[in-house]
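Structure first, then comments.
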2 protein chains.
Amino acid sequence: MTTTNKTVPVHRDVKAELRQQAEEMRQTFAKRGTLVVNVLSSPGAGKTSLLEATARHWGDRRRMAVLVGDLATDRDAQRLAPHCPVEQLTTGGACHLEIPLVKQGLAKLGSNDFDFLFIENVGNLVCPASHDLAEHVRVVLLSVTEGDDKPGKYPKMFRTSQALVVSKTDLLPHVPFSLDAAIRDARQIQPDLTVMPVCSLSGEGLEQWCRYLDDQRKDMIAKSVTDEVRVAV
Amino acid sequence: MTTTNKTVPVHRDVKAELRQQAEEMRQTFAKRGTLVVNVLSSPGAGKTSLLEATARHWGDRRRMAVLVGDLATDRDAQRLAPHCPVEQLTTGGACHLEIPLVKQGLAKLGSNDFDFLFIENVGNLVCPASHDLAEHVRVVLLSVTEGDDKPGKYPKMFRTSQALVVSKTDLLPHVPFSLDAAIRDARQIQPDLTVMPVCSLSGEGLEQWCRYLDDQRKDMIAKSVTDEVRVAV
């Protein structure tokens, strides 16, 4: 095929539009008092189990909802449905979630009246790191069975997260995993990372994780009020 | 920005070129007697450990080399270096390997005189499924800690593989994982999948895995000879 060199006309900067939408949604959620948490990890690191355990821990004391992303099936939504409002986002093969699918899920959820909205991303330690889903907090899970060398090998995921949940800690006696080495490796990439070891099956560490979420929500609400006062002045 | 609708001129069909290159490389390797194995899985499912165990099992009886892909660091190459010729392919953030990086690795390996060339892909159960790396056999690892529900949730990876290694079987007593359920789920997507449970640390199942590789290599050589005779006739 022969062709001349020319500038390809681009209709819109789609990525900038999505970033803008995410920023607006983040502010709207903050004003409403809903902390949005983007939950990321490799496949099978325990995202759904952590959210099940969180819902069980809180019971009626917090209002939480989940949007759960997968390439195919609604298996995770079925697991979460007994515990809280949930909508499955099926990407049809795509390796991460983006804002338009999140918006569809929100419309299906109906109510907006939540203290916490968790977005459980597609299991993938690479691509989801590059997409802002309007979250206030980004949490990456690393299960002890994956090995303590993973942060350095998947740096963007850890660099863009505020918290690291080290999951499946009940398996520590059976696997070659040093908690210290994993934390050191992760903090070399992101020094401010909050690290929380959790076992969703036994409930160990869950109290600390739920307290972290409450604190993040309080901070967000305080900041949102300050921002509004600043705008009003 | 306003613009008129027009067809965007495309200089080359890059994907078709890569597929063509992969096909030619596959034939060249087959004539040389080198079985190329693309090894895929989630992060931390045990790809490097399986290749270490394979190299130890064979010792000098087979000539094997590894190209190992990662977003960052050369940690996996360092682990494999004591056992066999290895080159690290660093994608610089990209979520999968492609043919041009494989070619660079091959050039660095120097010798082409191997019975087996393993390409350890980036740890990612989604994106690498869409890229032909000139392999004769595609093997997906699923560790028992990831859960038996993964095949249906990541269907393309399992549909495009010829073999499934269920890894970390030493942890079966400690995790909620049904081998039967995982195999049933995977075979619903790919009925011809060869399934091999393996524990790389204890060596359980390694004999069967290495025999499978030998059989695949013999089949490839036999087929390659038949193809040449057919062309000659």
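Computed from the coordinates by the stated procedures, all read-outs in this text should not be read as laboratory data. Values in this document were obtained by computation on a predicted structure and should not be read as measured data. Positions of Cβ are generated from backbone atoms using ideal geometry, with glycine treated the same way; all protein chains shown enter the neighbour counts.
Taking only the C-alpha atoms of the stretch A:96-185, the Rg (one decimal) and the largest Cα-Cα distance, Dmax (whole number), read 15.4, 45 Å.
Cysteines in chain A that lack a partner Cβ within the 4.7 Å cut-off: A:CYS84, A:CYS199, A:CYS210. Model label sites at B:ARG32 and B:ALA72, defined 7 Å from Cα along the beta-carbon direction, differ in position by 3.3 nm. What the Cα atoms of the protein assembly as shown give is an Rg and a Dmax of 23.9, 89 Å. Among the listed pairs A:LYS47/B:LYS47; A:LYS150/A:LYS223; B:LYS31/B:LYS108; A:LYS168/B:LYS168; A:LYS103/B:LYS153, those with a Cα-Cα distance over 24 Å are A:LYS150/A:LYS223. Round to the nearest 0.05 the FRET efficiency obtained for A:GLU17 and B:GLU228 when R0 = 45 Å and r is the Cβ-Cβ distance. Efficiency, rounded to the nearest 0.05: 0.25. For A:ARG159, the point set 7 Å out from Cα toward Cβ sits 3.4 nm from its twins in the other copies, listed from shortest up. For the stretch B:15-62, the C-alpha radius of gyration divided by 2.2 N^0.38 Å, with N the number of residues, is 1.51.
In percent, how large is the relative contact order of chain B, given Cα pairs closer than 8 Å and 6 or more residues apart?
Once divided by the residue count of chain B, the mean separation gives 23 percent.
Please state, as a whole number in µm²/s, the translational diffusion coefficient that the Stokes-Einstein equation yields for the stretch B:16-232 at 10 °C and 1.306 mPa s, with Rh defined as the Kirkwood radius across alpha carbon pairs.
On the way: Rh = 17.5 Å.
In µm²/s, the coefficient is 91.
Using θ = phi - 60° in the Karplus curve 6.51 cos²θ - 1.76 cosθ + 1.60, the 3J(HN,Hα) couplings for the stretch A:152-166 round to x, 7, 10, x, 4, 4, 7, 5, 9, 9, 9, 9, 10, 9, 8 Hz; x is entered for Gly and Pro.
Each copy carries a label point for B:GLY59 at 7 Å from Cα toward Cβ; from one copy, the others' points are 6.3 nm away, ordered from shortest. Which residue, chosen from A:GLN20, A:SER130, B:PHE116, occupies the Cα position most advanced towards the positive end of the dipole of the protein assembly as shown, where the dipole is computed from +1 (Lys, Arg) and -1 (Asp, Glu) charges on Cβ about the Cα centre? Result: A:GLN20, furthest along the dipole toward the positive end. Across the identical copies, the label point of B:LEU179 (7 Å from Cα in the Cβ direction) is separated from its matches by 3.2 nm, in order from shortest. Maximal additional length on extending the A:ARG56-A:ALA181 stretch stands at 41.9 nm, based on 0.36 nm per residue less the C-alpha distance.
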